[in-house]
Each structure stands twice: as structure tokens, then as C-alpha cells.
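Have a look at the structure below before the remarks.
FYI, it's all coordinate maths here, none of it is from the lab. Small disclaimer: the values here were computed from a predicted structure and weren't measured. Using ideal geometry, Cβ is built from the backbone for each residue, glycine included, and neighbour counts are taken over all protein chains shown.
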Amino acid sequence: MTTEVTAPKGSARVAVQKFGTFLSGMIMPNLPALIAWGIFTMFFIGDGFTPNADLATIVGPFIHYLLPILIAYTGGHMVYGVRGAVVAAIGTFGVIAGSDLLIAQFNASLPAGSKELGQVHMFIGAMIMAPLAAYSMRWLDRLWEDKIKAGLEMLVNMFSAGIWGFVLAIIGFYPLAWIVNGIMNVLSSAVQFLVDSHLLPVASIIIEPAKVFFLNNAINHGVLTPLGTQEASATGKSILFLLEANPGPGVGLLLAFTVFGIGAARASAPGAAFIQFIGGIHEVYFPYALMKPALILALIGGGMTGVTTNMLLGGALRAPAAPGSILAVVAQIAPGAYFAVLASVVLSAAVSFLIAAVILRASRKRDLAAEAANDEKFSAAISQTEANKGKSSDALSGLLSAGAASGPITSIVFACDAGMGSSAMGASVLRKKIKDAGYADVTVVNKAIANLEDTFDVVVTHKDLLDRASQPTPSAVHVAVDNFIGSPKYDEVVEMIRQANGAPVNS
């Protein structure tokens, strides 16, 4: 099959997206462990709901050892399977021990009565060591591939991984632990400067546009989660968990479209608002902001309002809210911070709504005229109508010509950055449409772009991620959408299946 590719390759944004995807690939599968840690702190530490000194002893080792090792194991496995995972875990343990030694030496040098430094939890160390260990192990294995005498393969494999894991632990113990402690010190000092200077809301100027361009994972998982976890381990809570996860700005934008939008955007906004606010899938509002970039100002305003509210009233979470649903946020609110956090969500949504409403109202006449004349939007509507009537469209014809040569379509994958939020939602919508059309034998799954393999007939993804999704799946038909809920391309995919597979069996 041919591939439809429209996005430029090798752009800086794509590179940052790939970096963020790799970070989220290490963090997101382990979010249940972070949530479990948050529950332990919620109940059993001294300030918890049901303090228990015995069970509270789990909290420290959990975050200091288990979570970084899980992250390292996951990252190593992404690169080089179990072999990469094992050496990554070994190397990361060296980073943890090296960091502890550095902290102990620093504390021993302090004058009596000085405030000592706490442990540095090696989330960033794990995210650095994991790819370093796995890629280097894979490179070493290739050096002696096909050169080992028969019968000695297991011996060489076991000892080579063990010896290289030992070397990585030494590397982690000395230079890497020093580097990561320095990075954490710089980042922590920068955040503390923003807090002390009452400038933390300024972070929304970076975070909110980054989210819209699918760069949020690099910021959230690369910086905010490690720093927030570090702070929460010392104080039991952190405002940093709310900088990116607050659902208020996004739902405010979508509510503005519900009231003041036009056309398909207005029609789909209520459903998107429910999915974003309750389901925690923030990606659904990205296309709405991208179709009118001035609306990013509304998101920034909402984000800054939420952060300011939390700063003034003491809002914070015990652990990351994952996904960024209001339900997940409420579940992780620190004791005594319920009013502050809920107020930050409501006020950020209100500010985002008001700013977006002004922008949408100011451009309404122009948008209505453009809606009638815009070929792309008009043709998309025609495509949906034609697909519903069983007729062809230019876009559909292109898809059909790509897929016809390879026979029936049996497998479709909906790919997104992390493989959990928007891809799961899109796969659910598409799966239902295909099933309703009578093609229950066609499988529709969702995956992270980093985990794609060239085994699918059709790949559906957001248009901003098309370039990255096309690279590992060159033989698939690629369908780019800009709306996860009601894209006309979904109907075109169903029609493509009908053309390629023939009438459904139960018809």
C-alpha cells in the first residue's frame, strides 16, 4: 500500500515530539505505581487520613527504589527487550546509590544544626540510564553476533549482560549521579525561584502552547513529574502536578465553542468537553485551538489563573493525576486543599471560556463567511455526506486506490503520542462504526507511535503526528484526522473497507 504523508520530515517539532513520546513511554505504563504510592501517602504518612507508622515505611523505598527501577526497566525494554531492561535496571541502581552517597557527603559537611538535603529520587536518572544502557547493550551484542561458538551462546549472553550491567552501575554511581543531582538542583532552584518570586503562573506561557502542539509529554514527564514527586516525597504534596493536568483551561475553551462556535466545531464541542473533563483526554481540544491559534491565549490565561489560584490558596496534589481528568485530580488532592484545587479548576475554566468567547465572537462573521467558502471544510462535509450515501469522494478515491492492490483490510491501528488517550477514544469510535457496518472481523486497536510495527493495513492518526506514524509503517494506508470525535475520515475508512472487503457476511 502507498502512504499518504503531508507533514515535513525531520522538523524540530517532530524531534521534540519523539523525545516526549519516549519519555511518556517510560512513565505512563508505570503511572499505576505512582498512583499506588499516592494512596499510601494519602492514608498512612503522619499527615494522612489514617496514619500508620508501620505501613508508612513502605512510602520511602517505594519512591526511592521501586519507581525509578520500574521506569528504567520499561525504558530499557522499549529499546532492547528484556535484555535492555535488565541492564538498564542495574545501571539505574548505580545512579541511585551514587546520588545517596553524594547527598550523605554533602550533609556530613554541613555545620551542626543546618538543614540537611533530602534524597534525590532518580526519575531523571532512570530516564537517562535506560536508553543509554539498552542501546549500548544492543551495540555490544552486534559486535560478536554470529561469532560465538555453538553451545556457548547462553554463557556469553549471560556474562556479557552481567559484566556490562556492572560497568553501567559504576558509570551511574560516579559521573551520572553527579550530573543528575546537578540537573535536579538547577531545575528545583528554577522552580523555587518562580515560586518565591510569585512567577510560577508564567510557566503556563510555555506549557499551554506546548500541549496544543503535542509537546506536553516532554515537559510533563521530563520535568514536572520528577520535580513534583521530589517535592511530594518531602512535603506530601506539590503544586507542580497541577501545572499541566488541570482540565479547566481545556474545558473552558470547549464550552466557548459550544456556545459561540460554528459548524462542526460547535456540534462536536459538547462531546469533546465531556471526554476531556471526565475522561481526562486533553488531546481532544488541541484541534479546536489549532484551527484558530489566537485561542491559545485563552488557554494561557486559563492556565495562569489556575496556577495563581493554587499558589494563593495552597492548592496541591499528593501524586500525579493520570489521566488529567477531574476525577483523577480530585482523587489526588492533598488534605486541606480541596477548595483551592476545585476553585483553580473552576476559575481557570471560566477565564479560558471568557477569553475564547471574546475571540470567537470577534471573528464570528468572518468565520461564517469562511465556512461557506473554505474548500477544505466544505469538501470534508461533502465527503461525509457522500460516504453516508455510498458514493465516492476524491479523498476516498485516493484511499481506495492505495488499498485496492493489497486485498481485504483486516487490521487498523489508531496511533497517538502515548497510545492511551486520544488513540483509545478514536479506536473506540472507529471500531463502533466498522462493527455497525457489519465488519466485525476487522480489528481496530490503539497503540503508541513508538510501538508501531509495519503489520497493519490502515493507520489512523492526528494530522500533526502523521509524519512520525508513517515512518515505522511504510506499507500501510495512512489516514490523518483533525477531530478525534466526529471526523468524516472515519466514514471514508468504513467505505474503504466496504470497497476492499466486499459486502459484509451478515448483509
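For this structure, a couple of remarks:
- At full extension, Asp47 and Lys433 could sit 134.0 nm farther apart than now, given 0.36 nm per residue minus the alpha carbon distance.
- Convex hull volume per residue for the stretch 78-200, taking Cα atoms only, in Å³: 109
- Scalar couplings 3J(HN,Hα) for the stretch 27-44, obtained by applying the Karplus form with A = 6.51, B = -1.76, C = 1.60 to θ = phi - 60°, are 8, 4, x, 9, 4, x, 5, 5, 5, 4, 4, x, 5, 4, 5, 4, 9, 10 Hz; x denotes Gly and Pro.
- Sum of side-chain charges, Phe106 neighbourhood, beta-carbon under 13 Å (Lys, Arg +1; Asp, Glu -1): -1
- Efficiency of FRET between Phe166 and Thr455 - r from beta-carbon atoms, R0 56 angstrom, step 0.05: 0.90
- In this rough spin-label picture, where each label sits 7 Å from Cα along the Cβ direction, the Phe274-Leu290 distance is 2.5 nm.
- Other residues whose C-beta falls under 13 angstrom from the C-beta of Gly76 contribute a net charge of +2, scoring Lys and Arg +1 and Asp and Glu -1.
- Calculated FRET efficiency for the pair Val259/Ser363, C-beta based, R₀ 25 Å, to 0.05: 0.95
- Each peptide in 66-73, 126-133 was scored by the mean count of other Cβ atoms within 10 Å over its residues; highest first, the order is 126-133, 66-73.
- Net charge of Cβ neighbours under 13 Å - reference Met42; Lys, Arg +1; Asp, Glu -1: +1
- Net length available on complete extension from Val445 to Leu117 is 113.4 nm, with 0.36 nm assigned per residue and the Cα-Cα distance removed.
- Checking the Cα-Cα distances for Lys447/Lys489; Lys18/Lys237; Lys292/Lys433; Lys292/Lys447; Lys211/Lys365; Lys115/Lys211 against a 26 Å cut-off, the pairs over it are Lys18/Lys237; Lys292/Lys433; Lys292/Lys447; Lys211/Lys365; Lys115/Lys211.
- Shown is the FRET efficiency for Asn157 and Tyr135, computed with R0 = 22 Å from the Cβ-Cβ distance and rounded to the nearest 0.05: 0.80.
- Burial ordering of Tyr288, Tyr80, Tyr65, fewest other beta-carbon atoms within 10 Å first: Tyr65, Tyr80, Tyr288
- The fewest-to-most ranking of Leu313, Leu342, Leu295 by surrounding Cβ atoms within 10 Å reads Leu313, Leu342, Leu295.
- Across the stretch 106-115, rounded Karplus estimates of 3J(HN,Hα) from the backbone phi angles (6.51 cos²θ - 1.76 cosθ + 1.60, θ = phi - 60°) give 5, 5, 5, 8, 6, x, 4, x, 6, 6 Hz, Gly and Pro being marked x.
- Calculated from backbone phi, Karplus (6.51, -1.76, 1.60) coupling profile of the stretch 468-475 in Hz, x at Gly/Pro: 5, 6, 6, 5, x, 10, x, 8
- Near the amide H of Ala316, within less than 5 Å, lie the amide hydrogens of Ala334, Val341, all on another chain or at least 5 residues away, with H placed in the peptide plane.
- For His462, residues with placed amide H under 5 Å, excluding near neighbours: Val481
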